[in-house]
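Peer 1: The following block contains the structure, expressed as C-alpha cells.
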Amino acid sequence: MEEDKKSLIDQTQTFHPSHSFASQANLKSFDEYQRLYDESINSPDTFWGRAANELHWFEPWRSVLDQSDKPNFKWFSGAKTNICYNCVDRNLETRENKLALIFEGEPGDTRVFTYRQLFDETCKFANTLFSLGIRKGDRVAIYLPLIPEAVISMLACARIGAIHSVIFGGFAADSIRGRILDSTCKLVITSDGGYRRGKNLHMKTIIDDAVTGCSSVEKILVIRRDNTSSQNVNMQEGRDVWYHEASADKLTTHESEHMDAEDMLFLLYTSGTTGTPKGIVHTTAGYMVGTYLSTKYIFDIHDSDIYWCTADVGWITGHSYVVYGPLLNGATILIYEGAPDYPNKARYWDLIEKYRVSIMYTAPTAIRTFMKWGDEFPNSKNLTSLRLLGSVGEPINPAAWLWYHKVIGGERCPIVDTWWQTETGSIMISPIPGVTITKPGSATLPFFGVDPAVLTDEGNETDYGTLAIRKPWPAMLRGIYQNPGRYVTGYWSNWGGAYYYTSDGAIKDQNGYYWIIGRLDDIVNVAGHRISTAELEGATITHPWVAESAFIGADHDIKGQALFGFVILKAGFQGSDQVRAEINEIIGRKLGRFEIPERLVFVNDLPKTRSGKIMRRLLRNIAERKELGNTSTLADPAVIDHIAEEFRKLD
Ligand code: 6R9
C-alpha cells in the first residue's frame with residue numbers, strides 16, 4: 001500500500017513559480033528561502049531577533065529563546081511589548097489614512113475604518129473595558145458575529161492586557177458555558193444579534209442561558225448590531241450594559257499596557273481526543289513575531305493589497321490570519337458577516353469583485369462546496385484582482401486544488417496550502433508564493449524556524465509516519481489552561497520529549513515535500529492494513545460525479561475495523577448501484593481492493609462542525625448503530641438523521 005501512495009505522489013503535476021509574482025514579492029527566490037531557512041534553523045536567535053526588530057518593543061529582550069525549562073520554552077524573555085500597539089499605533093506613522101478594516105454585513109451594510117479610526121475605536125473600547133473593572137490578566141469571553149467589534153474587542157483586550165477567549169458565534173449555550181467556567185471569565189462581550197442566511201441570530205439570548213451558573217461573570221457588554229432586535233433584548237439590571245451607552249463618554253486615547261513577553265495573550269478552546277475542549281494558551285511576544293513574519297512572507301502582504309481570510313475570528317485562523325498577522329503587517333483586511341450563499345451562491349465572488357480583493361484565504365471544504373455549486377457563479381464576476389490564494393484546515397485534494405487554481409485563480413495565482421494547528425499558533429508548512437514549486441495536495445516545505453520530521457512510533461525518520469516538530473518555534477502554545485500536565489503528556493511525551501507531537505500523519509516525498517494525510521485519529525486499521533480515510537476521500541473525489549466524501553472506520557468482528565463511505569454527489573446526479581460500483585472500482589484501482597468500503601452511502605450532506613470539519617465520530621456511531629450522542633457542535637443537526645436513514649436503507 002505504501003507503494004501505491006508513493007506512486008500517486010510521484011505522478012502528481014507540479015506547478016512552477018511565477019517569475020512575475022516573485023519579482024515583486026517580499027521573498028524573491030528559492031535561494032533566498034533556502035538561505036533564510038538554514039539561518040532560522042542554525043541560528044534561531046539571530047533570525048528571530050532580526051524579525052522581532054521589525055516590530056515595536058517598550059523594553060528589549062534578554063534572550064531570544066530560553067530552553068532551560070523544556071518543554072516550557074520561553075521566547076523574548078525580559079522584553080516588554082503590546083500586540084495591539086504593534087497592530088494599530090505602529091501603523092499610524094505611515095498608514096494613518098489607509099484602510100485597516102472593511103466590513104460587509106450579510107444584509108449588505110458596510111463600515112470601513114482607517115488605521116486612525118481603528119486606533120480611536122480600539123482605545124474607546126479599551127477605556128470602556130477598564131471602566132467595567134477589567135484589568136490585566138482578567139479573562140474576557142467574546143461571543144459575537146463577524147462584525148468590526150469582534151476585531152476591535154480582541155485588540156482592546158490585548159491593549160489592556162486582558163486575556164480574550166473568543167467563542168465561535170455558532171456554539172450553543174452548553175459549549176459556551178463550559179468554556180466560560182473553565183477560564184472563569186469576568187466579562188462576556190456579545191451582541192443583540194447577527195445575520196446568517198437572512199435570519200437574525202439571538203446571541204444575547206444564548207448568552208443569558210450560557211452564563212447561568214457562571215459565578216465569575218460580573219458583567220455582560222452588549223453591542224448593538226441590529227436596531228430592531230435590540231428592542232427585544234432582555235437587559236438585566238446591574239449586570240448587562242449596552243456598549244454604545246457605556247462607551248459614549250470614553251476617550252479615544254488609551255496608553256497600552258506594557259506586557260511581559262510571556263504574559264498570556266489569549267485562550268482558545270479546541271477539541272482534543274477527549275470529550276472536553278482544551279484551553280490552548282498563547283502568549284504575547286512569540287505569537288506576535290510568529291504571526292507577523294508568516295503573514296509577511298506567506299501572504300506576501302503589500303500596501304496595495306486587499307486581504308480576505310474567510311475564517312471566523314472564533315477559530316485560530318481568525319486570530320492569526322484575520323486579525324493579528326495582517327494588522328501587524330499594516331494590511332487592509334476584509335471581513336464578511338454572513339453565509340456564502342446569501343442572497344445567492346455568488347456572494348463571495350461578488351465581494352471579491354466589489355472590494356477588489358487581491359489575497360483570498362479559505363478552506364478546502366468551502367472550495368469543494370463552490371465546485372459543487374458550479375462554475376457559473378465565480379464566472380459571473382470579475383475576479384482578476386486576485387493575485388494569491390490560500391487554503392487551510394484540512395488536506396486539500398488535488399481536484400479541489402486544481403479547480404481553485406483554474407476557476408478562481410485564473411491559472412495566474414499561486415496557491416499556498418498552509419498546514420498548522422490551533423496549538424502551533426502560526427503557519428508551519430506552506431509554500432512561499434511565487435518561489436516554491438507547488439504540487440496539488442502537498443503543503444510543500446517548512447516555514448522559517450520549523451524543523452519537521454516524519455517519524456515511526458519508535459522515533460526513526462521515515463517517509464510515511466507521524467508528523468513531529470523538532471524545535472520550538474515562537475508562536476507555539478505555552479500550555480493548556482489549568483492543566484499543565486496535559487500539555488506535557490499530550491504534546492511533548494512521545495519520542496522521549498525530543499519532539500512536538502502533531503497527531504497528523506504525513507508523507508515526506510523524494511523532494512522533501514510534506515503531504516499531510518490527516519489526523520491519525522482518522523486512520524483506520526482494516527485487517528492489519530493501515531488505511532487513511534483522507535486518501536480514500538482523495539480517490540473517491542476523482543469520480544466526476546462526486547462532490548465530497550467522508551470515510552470512517554467502524555468496529556468489525558472479523559477485520560477489526562471496516563470502512564464506510566459517505567458520498568455527496570454533485571448537483572443533478574443521482575446515486576445508484578452503478579455509480580457505487582464505479583467508485584469502488586476507482587478505489588480498488590487506485591488504492592487496492594482491500595480499501596473498498598463495506599458500505600457506500602449516498603447522502604445530501606455531511607455532519608460538520610461550524611468550522612467545516614467532518615464529525616467522523618457521528619458517522620462512526622451510525623455505522624456502529626450506536627446512540628448518536630452529542631450533536632450540539634454540528635452546523636446542522638438535521639443532517640445526521642438523513643444520513644442514518646440512508647444508511648439503514650442499505651441493510
Ligand atoms: C489551522 C487549523 C488543525 C488540524 C491539523 C490538520 C488539519 C490544518 C491543514 C490540515 C492538511 C492543511 N489541517 N491545515 N491538514 N493540510 N493545510 O485548521 O487549526 O482547527 O486546530 O486544526 O487541521 O489535521 O492537525 P485547527
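The values are calculated or read from the model by the stated rules, or taken from the named source; none is laboratory data. Keep in mind it's a predicted model, so treat the numbers as computed, not measured. All Cβ positions, even for glycine, are placed from backbone atoms using ideal geometry, and neighbour counts span all protein chains on display. Note: accessible area is taken over every heavy atom of the protein model, side chains too, but ligands, DNA and RNA are not part of it. Shrake-Rupley method; radii C 1.70, N 1.55, O 1.52, S 1.80 Å.
Peer 1: Ratio to report: Rg/Rh of region 138-227, with Cα atoms as the point set and Rh obtained by the Kirkwood method; give two decimals.
Peer 2: When Rh is taken as the Kirkwood radius, the ratio is 0.94.
Peer 1: Taking the Cβ-Cβ separation of Asp69 and His19 as r and a Förster radius of 51 Å, what is the calculated FRET efficiency to the nearest 0.05?
Peer 2: Efficiency, rounded to the nearest 0.05: 0.65.
Peer 1: So, one more: Rg and Dmax of the chain over Cα atoms: what are they, in angstrom?
Peer 2: Values for the chain (Cα only, Rg and Dmax): 24.0, 71 Å.
Peer 1: Something else about it: Per the Kirkwood formula on distinct C-alpha pairs, the Rh of region 51-146 is how many angstrom?
Peer 2: After inverting the pairwise mean of 1/r, the radius is 16.4 Å.
Peer 1: Something else about it: Around Val601, which amide H atoms from residues at least 5 apart in sequence, or from another chain, sit under 5 Å from its own amide H, with H modelled in the peptide plane?
Peer 2: Gly565, Phe566, Val567
Peer 1: Which peptide among 489-495, 184-190 comes first, and what is the full order, when sorted by highest mean count of other Cβ atoms within 10 Å?
Peer 2: With the highest mean Cβ count within 10 Å placed first, the list reads 184-190, 489-495.
Peer 1: Sticking with this structure for a sec: Add -39500 (n - 2.57) for each DSSP H run of 4 or more in the chain, then divide by its residues: what number comes out at 222 nm, to the nearest 500 deg cm²/dmol?
Peer 2: -8500 deg cm²/dmol
Peer 1: May I pose another question? Relative contact order for the chain: what is it in percent, counting Cα pairs under 8 Å that are at least 6 residues apart?
Peer 2: Result for the chain is 12 percent.
Peer 1: Express in Å², to the nearest 10, the accessible area of Tyr342 obtained by rolling a 1.4 Å probe over the protein heavy atoms while all chains stay in place.
Peer 2: The value for Tyr342 is about 80 Å².
Peer 1: Calculate the radius of gyration of the Cα atoms of region 323-414 to one decimal place, then report Dmax, the largest Cα-Cα distance, as a whole number, both in Å.
Peer 2: Computed over the Cα atoms of region 323-414, radius of gyration and Dmax are 12.9, 37 Å.
Peer 1: To continue, here is another question. Evaluated at 10 °C with a viscosity of 1.306 mPa s, what Stokes-Einstein diffusion coefficient in µm²/s does region 397-457 have when Rh comes from the Kirkwood expression over alpha-carbon pairs?
Peer 2: 125
Peer 1: For region 413-464 and region 338-401, what is the centre-to-centre distance using only Cα atoms, to the nearest Å?
Peer 2: That distance is 23 Å.
Peer 1: What angle, in degrees between 0 and 90 and rounded to the nearest 10, separates the Cα long axis of helix 364-373 from the longest principal axis of the Cα atoms of the chain?
Peer 2: Here the helix axis deviates by roughly 70 degrees.
Peer 1: Any number yet on Rg/Rh for region 372-520, C-alpha, Kirkwood?
Peer 2: Ratio of gyration radius to Kirkwood radius: 1.04.
Peer 1: Alpha carbons only, please: Rg and Dmax for region 285-345, in angstrom.
Peer 2: My reading of the Cα-based Rg and Dmax gives 12.5, 42 Å.
Peer 1: How much solvent-accessible surface does Phe125 expose, in Å² to the nearest 10, with a 1.4 Å probe and all protein chains in place?
Peer 2: Counting only protein heavy atoms, the figure is 0 Å².
Peer 1: While we're on this one: Could you rank the peptides 395-402, 55-62, 472-479 by their average count of other C-beta atoms within 10 Å per residue, with the highest value first?
Peer 2: Packing proxy ranking, top to bottom: 472-479, 395-402, 55-62.
Peer 1: Going by average Cβ neighbours within 10 Å, how do the peptides 242-249, 505-512 rank, with the highest at the top?
Peer 2: Ranking, from highest mean packing down: 505-512, 242-249.
Peer 1: Ordering Arg50, Arg580 from largest to smallest accessible area (1.4 angstrom probe), what's the sequence?
Peer 2: Arg50, Arg580
Peer 1: Using the C-alpha gyration tensor of region 210-367, what are the square roots of 5 times its eigenvalues, in whole angstrom, with the largest one first?
Peer 2: Over the Cα atoms of region 210-367, the semi-axes work out to 29, 24, 20 Å.
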